[in-house]
Amino acid sequence: MVTDMKTSINIALMGTFVLLLAIQGCKPFEEEGIDLPGAPSAIISWEFIDAVDSTGQVVGTDSNRVFVSAEPVEGSFLQLWDFGNGQTSDQSSDTTYYPVEGEYMLSYAVHTAGGMGTATATVMIDQTLELPCEGTKALLTGCDNQRSWKLSNESGAISVGPAPYSTEWYTSPADGHTEWQVDDRYQFTEDGAYLYNNNGSTMNPFDGYVETILEIPPTTYSLSEGAGTSGEDQISLDAFDEALCGFMGVWDSGPYYDIVELTESRLVLHGPIQGGDCVQGEGWFTIVFEAD
């Protein structure tokens, strides 16, 4: 009888142990100490800046220039503005220029370890700023004496590098352009039209730098004082049509260019690489033109 009682007790204890294991096995796994942050909230504002005269006195509001700012976000490591006018910025606050009347979408994105926060706003520009044909505009367009530009044949007329103004990726040799590049002509008119005459074909960098028959419609441009990478005046080109971005000199450049040098006979532009979809890629062009 003693042996049977011990056996019964052992079986009962074993059953209890198995039941405890089953209960433990059903308990969800939890790891303490992990607290993932959520996506940040982005809050932005914008306002027109003061207009000042030559003495620095405030004389009103400049209704074509806008100051934008974003509230600080703790832990942010990347932020980007798209001003809706072809210009971008990675600063928390900046100014931008809208010389042409219209409605522009202002967008901002900020990144933290928890994700990305975005904000948008609409900027309404009520008037197109009419500039007299003088200074940079006169040299670029020729005013009433229409000026035409073509690619220079000098060494380094087209150069490419990973950073603004760099040239280490590629530098064109002297007289190194194809004949379907040499016959291309570019014109800016006093009233804001941009005309690209490719004489039937354009160098296509997206299909292996081959000649491509292409009909290029006219488009428009804006000239912004001091908006360039290092404070240069800047040309912004509108898209030629829904499928073709604005560019000058080479198809995968633009659609905006800083004017590095400009005389009556020479034009040096600096602008980003773009992938044919109007989206800026990695790298920068420097392109030299001469008056035709």
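The values are calculated or read from the model by the stated rules, or taken from the named source; none is laboratory data. Not measured: the values here are computed from a predicted model. In this analysis, Cβ positions are derived from the backbone assuming ideal geometry, glycine residues included, and neighbour counts consider all displayed protein chains.
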Looking at (1) surrounded by fewer than 19 Cβ atoms within 10 Å (Cβ to Cβ); (2) modelled with pLDDT under 95, can you tell me which one residue 168 breaks?
(2)
Kindly check whether there is at least one residue in the range 80-93 that is buried (at least 17 other Cβ atoms within 10 Å of the Cβ), more than 25 Å from residue 223 (Cα to Cα) and of a type outside the set (Lys, Arg).
no
Residues of the range 52-78 satisfying the condition of being part of a loop (DSSP other than H, G, I, E, B) and of a type in the set (A, V, I, L, M)
73
Quickly run through the range 48-57 and pick out the residues that are exposed (fewer than 10 other Cβ atoms within 10 Å of the Cβ) and touching a strand residue (DSSP E or B) at 6+ places or on another chain (Cβ under 9 Å).
53
Only one residue in 74, 134 is on the phi < 0 side of the Ramachandran plot and in contact with a Ser or Thr (Cβ under 9 Å, 6 or more places away or on another chain). Which one?
74
Pick from the range 79-127 the residues that are free of Cβ contacts under 8 Å to residues at least 60 places away in the same chain and not in a strand (DSSP E or B): which of them is farthest from residue 225 (Cα to Cα)?
92
Has the range 129-140 got at least one residue that is basic (Lys, Arg) and touching a Lys or Arg at 6+ places or on another chain (Cβ under 8 Å)?
no
Just give me the residues in the range 183-199 being touching a helix residue (DSSP H, G or I) at 6+ places or on another chain (Cβ under 8 Å) and surrounded by fewer than 16 Cβ atoms within 10 Å (Cβ to Cβ), in sequence order.
199
What's the total number of residues in the range 239-276 that are at pLDDT below 95, surrounded by fewer than 19 Cβ atoms within 10 Å (Cβ to Cβ) and assigned to a loop (DSSP other than H, G, I, E, B)?
5
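If I go through the range 54-78 residue by residue, how many of them are touching a residue at least 24 places away in the same chain (Cβ under 8 Å) and among the β-branched types (Val, Ile, Thr)? Write out each step before concluding.
Here is the first cut: in the range 54-78, the ones touching a residue at least 24 places away in the same chain (Cβ under 8 Å) are 63-71, 73-78.
Cutting the leftovers down to among the β-branched types (Val, Ile, Thr) gives us 66, 68, 73.
Result for the range 54-78: 3.
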Considering residues that are farther than 19 Å from residue 99 by Cβ, among the hydrophobic types (A, V, I, L, M, F, W, C) and part of a strand (DSSP E or B), the number found within the range 205-233 is 2
For residue 140, state whether it is in contact with a strand residue (DSSP E or B) (Cβ under 7 Å, 6 or more places away or on another chain), crowded, with 18+ Cβ neighbours inside 10 Å and part of a helix (DSSP H, G or I).
yes
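Quick check: anything in the range 273-291 at positive phi and either outside the structural domain of residue 156 (by TED's automatic domain parsing) or aromatic (Phe, Trp, Tyr) (or both)? Reasoning before the result, please.
Residues of the range 273-291 at positive phi: 276, 278, 283.
This time we only want the ones that are either outside the structural domain of residue 156 (by TED's automatic domain parsing) or aromatic (Phe, Trp, Tyr) (or both), so: none.
For the range 273-291, residues at positive phi and either outside the structural domain of residue 156 (by TED's automatic domain parsing) or aromatic (Phe, Trp, Tyr) (or both): absent.
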What tally of residues in the range 185-239 results from selecting those that are free of Cβ contacts under 8 Å to residues at least 40 places away in the same chain and acidic (Asp, Glu)?
5
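With 38, 75 as the choices, which residue is under 29 Å from the mean Cα position of the chain (by Cα) and outside the structural domain of residue 111 (by TED's automatic domain parsing)?
On the way: 75 fails: outside the structural domain of residue 111 (by TED's automatic domain parsing).
None of the others qualify; the one that does is 38.
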